[in-house]
Structures are given as C-alpha cells and as structure tokens.
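The values are calculated or read from the model by the stated rules, or taken from the named source; none is laboratory data. Every value quoted in this text rests on a predicted model; they were computed, and no experiment measured them. For neighbour counting, all protein chains shown are included, and Cβ atoms are generated from backbone atoms with ideal geometry for every residue, glycine included. Areas reflect the complete protein model, heavy atoms only, side chains present, ligands, DNA and RNA absent. Shrake-Rupley method; radii C 1.70, N 1.55, O 1.52, S 1.80 Å.
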Amino acid sequence: MEKNEHNRFNSRVDAIVLAAGKSSRFKSATSKLLFPLCGKPLILHLLTSLKELQLQPLLVTGHQEENIRALLDSDSSFSSLKTITQLEQKGTGHATLIALPHINNDFTLIINGDMPLLSSKSLSQFISNHVKSDSDMSIGTAIASDPHSYGRLIKTDISCYIQEEKNCSDEEKLCRTINAGIYIFKTSILKKYINEVEHDIKSGEFFLPDVVNRALNNNGSLQIFQFDFDEIKGINRLSEAHEIQKILRRKIINHWIDQGVWFTQPETVEIDINCNIGSYTKIEAGVIISNNTTIAQHAKIGAYSILDHAQIDSDVQILPHSIIKNSKIEASATVGPFAHIHTTSHLHKSTRIGNFVEVKKSSIGKQSKAKHLSYLGDTTIGSNVNIGAGTITCNYDGFTKHKTIIYDNVSIGAQNALVAPVTIQQGSMTAAGSTITDDVPAESLGIGRARQVNKENYVRLRKQKHREEKELILTETHQTTEKKTDV
Amino acid sequence: MEKNEHNRFNSRVDAIVLAAGKSSRFKSATSKLLFPLCGKPLILHLLTSLKELQLQPLLVTGHQEENIRALLDSDSSFSSLKTITQLEQKGTGHATLIALPHINNDFTLIINGDMPLLSSKSLSQFISNHVKSDSDMSIGTAIASDPHSYGRLIKTDISCYIQEEKNCSDEEKLCRTINAGIYIFKTSILKKYINEVEHDIKSGEFFLPDVVNRALNNNGSLQIFQFDFDEIKGINRLSEAHEIQKILRRKIINHWIDQGVWFTQPETVEIDINCNIGSYTKIEAGVIISNNTTIAQHAKIGAYSILDHAQIDSDVQILPHSIIKNSKIEASATVGPFAHIHTTSHLHKSTRIGNFVEVKKSSIGKQSKAKHLSYLGDTTIGSNVNIGAGTITCNYDGFTKHKTIIYDNVSIGAQNALVAPVTIQQGSMTAAGSTITDDVPAESLGIGRARQVNKENYVRLRKQKHREEKELILTETHQTTEKKTDV
Amino acid sequence: MEKNEHNRFNSRVDAIVLAAGKSSRFKSATSKLLFPLCGKPLILHLLTSLKELQLQPLLVTGHQEENIRALLDSDSSFSSLKTITQLEQKGTGHATLIALPHINNDFTLIINGDMPLLSSKSLSQFISNHVKSDSDMSIGTAIASDPHSYGRLIKTDISCYIQEEKNCSDEEKLCRTINAGIYIFKTSILKKYINEVEHDIKSGEFFLPDVVNRALNNNGSLQIFQFDFDEIKGINRLSEAHEIQKILRRKIINHWIDQGVWFTQPETVEIDINCNIGSYTKIEAGVIISNNTTIAQHAKIGAYSILDHAQIDSDVQILPHSIIKNSKIEASATVGPFAHIHTTSHLHKSTRIGNFVEVKKSSIGKQSKAKHLSYLGDTTIGSNVNIGAGTITCNYDGFTKHKTIIYDNVSIGAQNALVAPVTIQQGSMTAAGSTITDDVPAESLGIGRARQVNKENYVRLRKQKHREEKELILTETHQTTEKKTDV
C-alpha cells in the first residue's frame, strides 16, 4: 500500500538528470558517467533507481553526449529516455532552464547524474515527503564528516541559504550539513524563480542553489530532507570511483550471503550487479562473476575462476583457475582446473572437461570427457565420447576454418590430430598418436601413425662419439693454447 | 603448575554440549554445526577446546543427529564421545534434563555447540573460578556493543535474573550484559532445580535460564564470569559464519607470522586450522592451503597456488598458479607455474615439473624433468630422466588403464605419445614426434614417426588456385546478380 | 625555492644511519634491514629518502655487514655510500662514537636504519627546523596510541629527559610521547657530550639518549620535532614488517589511482615501488607487478596475471592468469589467458599469444599468432606467421639446445613437432600432425606424417571379444567358487 502511495505521488513528478558535466578532475578516457561500477556504467545506477519509481527522467547531456546516448540506446530499459543538449557548460541552473520546456508535471525532481549509491527507497521518501509537505521546494542534505568541497546549507536564526564552498566564510566552512544535489520543486515555483535568476545573470553561468536562494529570499517555503551521506556520495575523482565500487561490491556480496551463498573469502570476490547465484552454491576465493552470468543452486565455483556471460546449471563444479566465457554448462558437469571454455560453447549434462583444455565454439554431449591438454574448436561431440589426452582439432588449414564431428560412444586416442573437416562415426576409435585426415566409419578403428623401430645401442654409441668429440675439442683447445703460449 | 591445577578441577567436571538445534535461520544444506570453518566443522572447534582440558563431553543431538554422529566417528579424537538424542526440540533445559542421568561428577558444565571461538584457556578459567568460589552455579556473560537477540543478565539492587530478549522491558533491553550460553552448576543443585522447573512446566519447552532463575529465587549463589564478546560469538546466520571464519583465518595467519612465515599478502591467504608451515617459508598472494597440508622450512609457495592434502618438503619452490593435491613433493623440487600434481603422485628430490604439466598417480625420480605441456599418468619415472615438451602418456586404451615405466637416465623426445603398457629401459632415448608403442631396450633409440617430404612450391600453387577460385566465385556471383537484375 | 632552502641546510649536514643491530626478535634468515618491502630492501627505503635530500649517509654496520655492503654495491644509487664496522653491539651511543671521526660538517643527523616509512619531506623539515632554531640538538618524537616498548620523552615543570621503557616509573609509562630514534646535533655538541658519557661508561654499552640527557643536564638546548607516528614506525618483529608492507602497498596503489590507473580490486593488487604504470591502464584483481616492470598507457592487465621485470607497451591486453617474466611485449599485442612468456622473449606489435602457450627465449614477429597449447623455445618467428594448436618446438635433443627459425607468412599446421635446428622458409606451410626434421623451402609444403588407414569393424569385433573374455572369467570364477564349496 505504501508503495502504491509513492507511485501515486511519482506520477505527478517529472525528473531531470544532470549529465552534461565534463568531470575534468576524473582521469579517464571516457566520461565519468560511463565509468563501469560492478558491471554497470555509473549513470545507469541512478537511472535504475528512478526506473524502480516509474520515473522516466529527461537527461541534460553535453560532454560525450553521443556516448551517453549510445549507452541508453544499447539497453532496452533506458532506450526510451530522452536527452537534451546543453551546448555550453553554464551550470546546473542553466541546464535545468534548458530542460524546463519539456516538463509538464506538478513537480520537478532534479538530480546530479553521478550518484550511484542513491536508493529508490530514499528517493521515494524524499518525493512523498515533499508532496505531503506542500512546500515550494525540498532539497536533500547530508551530514558529512568532512564537508570539504561541498556546498553547505547554512541555517541561522534569521535566514537559511545554500553557500558554495568557495564563497564560505571561515565560520560557514565549519557547517557539516551539505547540499546533496537533489532537489524537488513545485514546477510553477521553479519556472518563476529560474527565470528571474536567469534574467539577472544574463549570459553567465548559474546554479540551482541560486534559484533556491532566490526563492528563499522571497519567502518561498523549503523542506529539508536528510539523506545518509553514504547514499549521496558523488564521484569527482577516480579515487572516489574506487571507494564507491568497493561499497557496491560489499553490498552485492552481502546480498548473496543473505540468499544462502557461501563464500570462503568474500572480500576477494567480484560479482557484477547483473548476475544471479542460486542458494547453497559455494564460491571460493578470488572468483570473478560478470556480464549477466547466472549460476544455479548447489554449484561450486573454484578459486580464481572467471565467469563472463556464462550460464552455470545446478550441481556444476567449476574447479579452480577456470575461465568460462559466453558459454553454457549444463547440470552436474565438472570443468577444470585450468580449463578455458569460450565463444558459445555448450557442455551438456555430466560432461567432464579437465586441465589445460580449451573448448571453443564447440558442443560436448552428455557424459563425454576431455580431461587433459586438448583443444576442441568448431567441434560437435556426441554423448559418452572420450577425447584422449593431448588431442588437437586442427580446425584451421591456413586458409579457412572447418568442422569436426564426433558421434556418440567414440573413443579418440591420446595425442591425436583431427584434421577438419572430418567426421568420426558412432562407436569408433582412433589409435593413440594418430593424425586423422579421413572420416572413420562406425565401430571402426582409425589409425594414422608410423610403426616404431628401435635402433639398438644407438644411444650408447652416440654418447661414446659425443665423448670422443669433446675430448678432441679439449685436446685441440689445449694444443691451440699451447701454440698461443709458443708465440 | 597452573595447568595442572586446572586439570585437577576439570577431572571433577562433566560437560554437556547442546547440539540438537535446527538452526532454521541458517541457510545451508547441512546443519550449521557441520559447517566447515577454516577446514574444520563448526562444532569440532568447541570440542577441540574441551579436549584440550581433558573433558569428554556428552552431546545432546537431534537435528541431523546421524550426520553429527558420523562426523565424530570419522575423527579418532572425537569418536569416543557419546551422544544422546533429544527427540523433540523442547529447549536447553529439556536437553540438559535428558543428559543428566549420565552425569556423575561434582560439577556439570553446559555449553551451546555453536561457539567456535571459545578458547580452552578462557573455559579453564571459568571452571576453576567456579570451583574455587564454591557457588551453586556460574554463568558466562559478555558485554555486547549490540545486545540485540541475546538474553540479558539483569542485576538490580534487590534481584538478579536472566531475561530472554522477547520478554525484556524497554529498560531491560538497554542492558548490554548478555547471557553467553555457558553454565556450570554443582550437579546436585542442577538436578534439584531442573526437576522443580520441569515439574512446573509439564510437557512444554523450558530453558536453562529458567533453572538459573529458579535457583536464584531460592537463594542459590551465582558466580558471574565475563568472557570477551569475541570469544562467545554464536552463529545463527550464514553471515555470522562468514564473520567468524574471517576472525579465525586472521588468527591462523597471525600465528604463522609469529612462527616466522613471510606472507606478501596475508589478507588474501587461506590456511586451514589443520595445516603446518615451517619457518622461513614464503607464501605469496592468494595461496590456499587446506586439508592437513604440511610445508617444511625455507619453501616458497607462489601466488594463487592451491595445496590440498599436500606434503611439501624443505626448499621446495612451488611457482605461481600451481595445484598440488594428495601428493608429496620432496626437498628442492621446483613445480610450476601452471602445474597440476595430483592423486597420490610423488616427486622425488630436485625434480622439475614445469608449465601446463599434469602429473597424476605417478612417481617422478630425483632430478628428473618434465617442463612443458605434458601429461604423465600412471607412470613411474626413474632419476635423471628428461621428458620432452608436449609428451603424453596414453594410459587409457578406451577400455582400461595401463602403466608407463621409464628407467633412469632416459631422454624422451618432445611431442611423444607413450602408449601404455610400455617400458623405456635405462639410458635410452626416443625421437621427437614419436608414438612409442613397444618397449625400448637400454641405451637404444626408439623412433616412431614418418619421414618428412617437402612438396616444393605447393603453397605457391595452392594460393594461386585459391585466388583463381575466388575470382571465379566473384565472377559467378556477379553473373548471378546480373541475371537477377535481368529478371 | 623552499626546496633550495632545504638543500642549502642539508649541505651543512652529515648523516649517520645505524644499521648494526642483530634484530634478534625478527624471525628471518636475513637481517631485517635486507628484508624486501614492496620490492625494495627495508634499509633502502630510508636511504632513498636521504638521497632525495642529497644526503650521503655513513652507515654503521655489524650484523650481516657483508650482506648490507653487497646490497649497496649492487645498486648504483647507493654503491658510493661508506660503511664503518661496529664490532661489538654496544648501543647507539657507541655506534655514533665510532662514526664521529668521519663527520666534518656543522650538523650530524643520526637515524635508525629500520624506518622505511620516513619521508624525505618530514626529514627535511626536521633538519631545517633544527638549523633555524640554533639549538644544540633536536630529537624526533611522535605520539603513540600504544607507547609500549618505546623510550619516552618526559617533560616536567623542572626537567626534560629521555627514559628507556625498562627504567620508566609507572607514571612515566603513561607518557605517550615517544623517542622516535631520529636526532640532529650541532657536531661540536655531540662530540663534547658523547666523549663525556663514554668516559663515564668505560667499556659498557651506551645509547644516544644518554648523550641527550647529559647535554640537557648541562643546560644544552633541545628542540623537539613531532613526526607522525605512522612515519617513524620501526620494525622489530616479522608481524611489524607485514603491517608496514601493507601501508606501503596501499600508498603505492593510491599513487597510481591518482595517476589515472583504474583497479577493479585495488586491495588485492601488488605493485613494487620500482614499477611504472601509464594512465588509462586497467589493472584487474590480484595482479602482481614487480621488479622494474613498466606498463604504458591504455593497457589492460587481466586478473591474477604476474608481471616480473616485464615491459608492456601501450594498448597491450594481458588476459587473465598470464605470467610475463623478463620479456617485452610491444604495442597492441594480446597475450593469454594462461600464457607464460619468459626468459628474454620479445613479442612484436599486434602479436597474439593464446592459452596454454609458453614462449621462452623467443622472438615473435608482428601480427604473428600462436593461440593454443604450444611451446616455442629458442625460436625466431617472422611476421604474419600462424602457429597451429598443439605445436611444439623440440629445442633440446637430449644433449644440447638448438634454434628454430620461421620466416614471414608461414603457416605451421596443428600438432606439429619442429625438430631444431630447423628453418621454415618464407610463405611455406606444414601439414597438421607433422614432425618437421628438415628445412622447408619457401612457399612449399612440409609434410611428415603417416597415411591414415581405417580398420573397419575393428571396434565391433574387439568389444565382442572383450565381452566374451569377461563372460569366460565370470564362468571360471563361478566354477572356482563351486569347487571351493565342494571341499
């Protein structure tokens, strides 16, 4: 019911997200708003919170505008959001002014785009608090242990105003109540005062606090809403992005612990915000789970394994030091250690892929095994197949790629080279050490290797010769030396 | 001497461990008491502390009783401990009542089973403090910064009693002195009051605090012993198990630092409680040491290596990213990086196993080497043997496993397939690229490969043909397109 | 300008570093002063700070003197520093006395050698503060939260003196102002009082605080300079070395964050103090960067990779779990995952080395590839070469090592053995599964493998035989059992 109440308020709110800044203190090739935090670009964290409140904000963009637009377009959750361009960087007041013609609702919510920790719950309280209060405007504040670099909300017996840090008196600097950069206005009030301020300012830059202060000077009513400082932390420097990522990462891990996931070293594990893990699953040290990976229940992910856009079904065991990328592992399969499964590979139920094995663009049938030092590329393998140690599919002939097809119940000998295109029919075998260039018929043996011969006493004789040569060299060197001394 | 004094007291004490609870808030497939913390199931941490005091507790079990019994039976240190069944979960008082007929000693110590951090030293002080005081009973308390969810020990001018959280008045809730769940009674006093309480309660559940409070109401004398809160932390949630495991892990690492082990990143290393490490040994980042592994002095364990039930002798170098499991590495051997030694393998002195090499169920003689991309399975290798890069023992013929035996001073060429069963006699060699199917006699050369032929200008001609075909296709496509346009 | 001022003062200062102690509480095979912290022996951290101030200290050495001398000699920055021997460990006063004959300057700075966190900035302030004050002497102090084990600076209304912990009264022990072990004297004052103290002490050991106290008793003027406690932390135990290494490591990481390096898990990364990283480079979890490694801009170092004396050019991608040692990777190359490049290897621009590939003492030309399960040792490869999966260079014939040379535009087939010495001429190919023992001419095909034959129905017949044998055994076992029962 409370949720519905919030939603009712939210439907009377239009939101503006300020996303035009250049973030000059942020050392990064991309805009800070595009910076990935736990697998999600910075600005999408805030947009997700807004979306949870059914808010469809208008973004004011400028710096790297086309990259931000491309990001929105790439995600169906956000592609319908509108952006508007602020050509010159003339401050948050100016950015709001540009957006206002597109605002039709009773209330206008304005937020800086770089607040990834802001929760939809707090935002919702901020909005409903404002609407219920019937104030002209509300601003979000927080108590900072170190308010340095933030604007302050100064309240005295006779006045209340926002002061930018650079304009703060020594006394004002002691104030620890900071302006969080979150505002909601009655739209009519906002339009009235922003135009007044703009009219005064003329062509220069101006800021939302100027608008708030103007309204206060004209007896506008202000509601103050205090956020937890941790929620409104912004990001101006790369070091702050690191801090916030650490907070986000801990939150994600704690969420999965509460869901019944067991970690042997939770501090060293990375899980992207868009991944999913079933309960009773065990995650060992240093595992990295990213990019929409899903892991079912009762799985085990071994230490230092990396799962990137992987689908791991229940009871799968990923042994340590394995990499799974863009691939699917079905129930009860065992993979690793030191395995590399990638590029749309598919391991069916109860397969067993072992150490130093690469599987690329291949499908491995149920209960099939490739346990040691193999490369399986562009290969389709049936069920109950055994691939001998050291076997290589030769899928590239120096010109183009070809496929290897292995049917059910085949046993490929160790140290084979399977020269694609090639098909190994059902129930057949190949001899160890074979180079298989031709198809093998069903239940037959393919053999492609030379017959061994032993050269008896070869080593004895060679060693003897080696010794003699050495002695000869030594003798010669000795003689040379002697000759030299002769000179 | 002090130790003996404690022991004297302990011989007059019978201990009861309460291990019947269902731990419904603990999301895990097994009982929380079986949950592994630093390689040791939760309940065994407490039982180890008790064992150090020569106490043989009686365990009251219920939930997953058979699993707890199986755990005790699997460990010779604890298999002689007796368990008694509490069929219904009717509280700690009822559990104690069931156990009492088996108690004969002067004093009865009762402890919750889920306190893995409780040290034998503190317990011993608790016991001797009680005996010396000649009180009717002692309870363990602690000062909690957040007492939420704990029972409180309330002391006023006129009374003293234990109050469960749910019954606490607002004022009582402010009390931060919590009941730790550790009790010792004169056995006679315990029997007297537990029967009185049980008689009142009839069939319902009742708790030890009820017994304590009853005794206090009848002028029983109570001794209070304050434990450090960190020691008496219990585990009700999976998140608490994570916290306690972190504390335990730090303790173990600090112990080994004090013993002269050097860690480059102690925060990322895991060492099970049952492992042993010699001084002057260096452990790099992210190493995981578990399952009764022992490491001697002056060894070096490289980053991200995993040792599971391994025996590592002195001066061994395990290079990074190596896995040793159920195997023994003798002095001065070098293993890795990216090596996998497992399933009862045995590397003798000064062996050298290199990258992407798997050794399974094999013995490698002293000073022998296998440095690159090899699989050695079911193999016995003598001393001073060199295994060429890319060599595979073909130990499985698709039906059964066979052994490879290589005697001293053999040199196996690179890229060999050794088809077991096969024996390579002393001092012999095999040629690179050979498939060895037959035994090689001593000091002889085994060679099993085809002779190379060069097809001169083959590539030039093929490339030319390739180009011509491409042009043909292009021409045809062009013609097809033209035809289509014709239509 | 300020820097010049400091330098002007520094030119009037001679420095003595006390480096003779035995560090008996430090469990290590080497002297604690040689202990590596972030890739730099402990004592060199302090010597670097002194060097930044253009100070050339005289070291008083004793325990493991020859090792300290060897360390200095191995580093051109410090090889010109002089050492003087203190034969017996008779205290810091005695050590200073031995050094004094070599001091000619107006001021004498004396520092314990085990303070790796002391910054040149603080030291410089200490010196200039002293010179400007025209005091007889200055001592460095710090406020310790736990002053235990440190000497205290005691100031009362009527006196001021340094008291060793062991001589502290209970009241003095409460003093948290500790003597940091950093002194500067007017050289004339130092010589006067050190001789007086030494004269009294005769043959026993004596300490610098004795000299300070003697001067104070004779109305010498003392300047007190308070350092941050974190800067003057000394190292007496291995556990303290761990703490300090952690602080140093965090400092280094924060430095690189400020330079625009992005870390996904900064807490788990190790970077030696002598390494260099370009901005916009991304470093993933658990990476270890040591031993003068340099990484250019826009590179990416994948999780759990280890770079030891590596040179990584711009836009290089090191994929996870790779090891680069003593090698150079040119721009835009991609390496890994699970690759091992070592022993003066050189990857030219845009090369691609893939999984389970070892490159040793080899040069790989631009845009060449070796993507799967290969060993390239003592090999020179031209540009645009493709090395097929599972290919091994056989560089060791059991007696000596040989080279493989592969010219431009060659395509080596999969699962090849290249038996060195061997040369593959420009534009040629080898067939999959070949053992190449002879040179291949330009644009030709080398082929060295046996022709495949298929034994049709071989498996069907063998399985049938296998079944019959099993049945035979079962029948025989049955008969044997029957016979036994007969008896």
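Taken about its Cα centre, the protein assembly as shown carries a charge dipole of roughly 3620 debye when the Cβ of each Lys and Arg holds +1 and the Cβ of each Asp and Glu holds -1. When the protein assembly as shown is described by a simple charge dipole with +1 on each Lys and Arg Cβ and -1 on each Asp and Glu Cβ, the residue from B:428, C:113, A:107 located farthest towards its positive end is B:428. Burial annotation for region A:352-380: residues with an accessible-area loss of at least 50 Å² between the isolated chain and the complete set of protein chains, computed on heavy atoms with a 1.4 Å probe, are A:356, A:358, A:372, A:373. With label points set 7 Å from Cα along Cα→Cβ, the inter-copy distances at residue C:129 are 4.6, 4.6 nm, sorted shortest first. Of the GluC sites (Glu not before Pro) in region A:1-90, the ones in a loop by DSSP (not H, G, I, E or B) with at most 16 other beta carbons within 10 Å are A:88. Surface composition of region B:3-232: carbon plus sulfur atoms hold 46% of the accessible area, using a 1.4 angstrom probe and ignoring ligands, DNA and RNA. Remark: mean inter-chain Cβ contacts per residue of A:277-289 equal 3, using a 10 Å Cβ-Cβ cutoff to other protein chain atoms. Charge dipole (Cα centre; +1 on Lys/Arg Cβ, -1 on Asp/Glu Cβ; no other charges) of chain C amounts to roughly 1420 debye. Over all distinct alpha-carbon pairs, what is the Kirkwood Rh of region C:3-232 in angstrom? About 17.9 Å, per the Kirkwood formula over Cα pairs.
Simple rule: put +1 on each Lys or Arg Cβ and -1 on each Asp or Glu Cβ in region C:3-232, find the dipole, and look at C:160, C:50, C:140; the Cα lying farthest toward the positive end is C:50. If R0 equals 22 Å, the separation of the Cβ atoms of residue B:403 and residue A:453 corresponds to a calculated FRET efficiency of about 0.40. In nanometers and ordered shortest first, the copy-to-copy spacing of the residue A:464 label point, defined 7 Å from Cα toward Cβ, is 5.2, 5.2. Placing a label point 7 Å from the Cα of residue C:80 along the Cα-to-Cβ direction, the distances to the matching points in the other copies come to 7.4, 7.4 nm, shortest first. Between amide H atoms placed 1.01 Å from N, distances below 5 Å from residue C:323 occur with C:306, C:339, C:340, C:341, all of them 5 or more places distant or on a separate chain. Near the amide H of residue B:58, within less than 5 Å, lie the amide hydrogens of B:15, B:16, B:17, all on another chain or at least 5 residues away, with H placed in the peptide plane. Its Cα gyration tensor gives chain C an equivalent ellipsoid, and the semi-axes of that ellipsoid, as √(5λ) in whole Å with the largest first, are 66, 30, 20. Placing R0 at 25 angstrom, the Cβ-Cβ distance between residue C:105 and residue C:237 gives a FRET efficiency of 0.10 after rounding to 0.05. Heavy-atom accessible surface of residue A:407, to the nearest 10 Å², is about 100 Å², with a 1.4 Å probe and all protein chains retained. Report P(r) for region C:1-80: all Cα-Cα distances, bin width 5 Å, range 0 to the bin holding the largest distance, values in whole percent. Percent of pairs per bin, in order: 3, 14, 24, 23, 15, 10, 6, 3, 1, 0. The residue C:148 and residue A:54 beta-carbon pair, evaluated with R₀ = 60 Å, returns a calculated FRET efficiency of approximately 0.50. Heavy-atom accessible area buried between chains A and C is around 4400 Å² (1.4 Å probe, both sides summed).
Might you work out the accessible area of residue C:135 for me, using a 1.4 Å probe with all protein chains in place, and round it to the nearest 10 Å²? Near enough 10 Å² of accessible area. Which residues of region B:389-418 show a drop of at least 40 Å² in accessible area when all protein chains are present, compared with their chain alone (probe radius 1.4 Å, heavy atoms only, ligands and nucleic acids excluded)? Relative to the lone chain, where solvent access is computed with a 1.4 Å probe, region B:389-418 loses at least 40 Å² at B:392, B:399, B:415.
Considered as an equivalent ellipsoid built on the Cα gyration tensor, the protein assembly as shown has semi-axes of 58, 44, 44 Å, the largest given first.
Enumerate the lysines that residue B:463 could reach by cross-link, defined here as Cα to Cα under 28 Å, with residues fewer than 8 away along the same chain left out. Candidates past the 8-residue exclusion: A:360, A:361, A:401, A:403, B:455, C:349, C:366, C:369, C:371.
Reducing region B:164-231 and region C:391-469 to their Cα centroids gives an inter-centroid distance of 80 Å. Once you treat every alpha carbon in region A:369-430 as an equal point and sum by Debye, what is log10 I(q)/I(0) at q = 0.13, 0.14, 0.18 Å⁻¹? Rounded to two decimals, the profile gives -0.28, -0.32, -0.54.
Summed over qualifying helices (DSSP H, 4 residues or more, each -39500 (n - 2.57)) and divided by its residue number, chain A shows a 222 nm mean residue ellipticity of -8500 deg cm²/dmol. Taking each residue as 0.36 nm, the span from residue A:247 to residue A:470 lengthens on full extension beyond its C-alpha to C-alpha distance by 73.5 nm.
Rolling a 1.4 Å probe over the protein heavy atoms leaves residue B:346 with an accessible area of roughly 50 Å².
Sorting A:279, B:434 by solvent-accessible area of protein heavy atoms yields A:279, B:434, largest first, with a 1.4 Å probe.
Between the C-alpha center of region B:268-343 and that of region C:276-321 there is a gap of 26 Å. As I understand it, the dipole of region B:1-119 uses +1 on the Cβ of Lys and Arg and -1 on the Cβ of Asp and Glu, about the Cα centre. Which of B:94, B:77, B:33 lies farthest toward its positive end? So the residue we want is B:33. Round to a whole number: what % of the accessible area of region B:320-430 belongs to carbon and sulfur, probe 1.4 Å? Looking at region B:320-430 in its full context, I get 46 percent from C and S. In this simple spin-label approximation, residue A:463 and residue A:82 carry label points 7 Å from Cα along the Cα→Cβ vector, and these lie 8.9 nm apart. Heavy-atom accessible surface of region C:3-232, averaged per residue, reaches 45 Å², computed with a 1.4 Å probe.
Burial here means at least 30 square angstrom less accessible surface with every protein chain in place than with the chain by itself, probed at 1.4 Å; in region B:304-327 the buried residues are B:304, B:306, B:321, B:323.
Taking the Cα centre of region A:3-232 as origin and assigning +1 to Lys and Arg Cβ atoms and -1 to Asp and Glu Cβ atoms, the resulting dipole is close to 380 debye.
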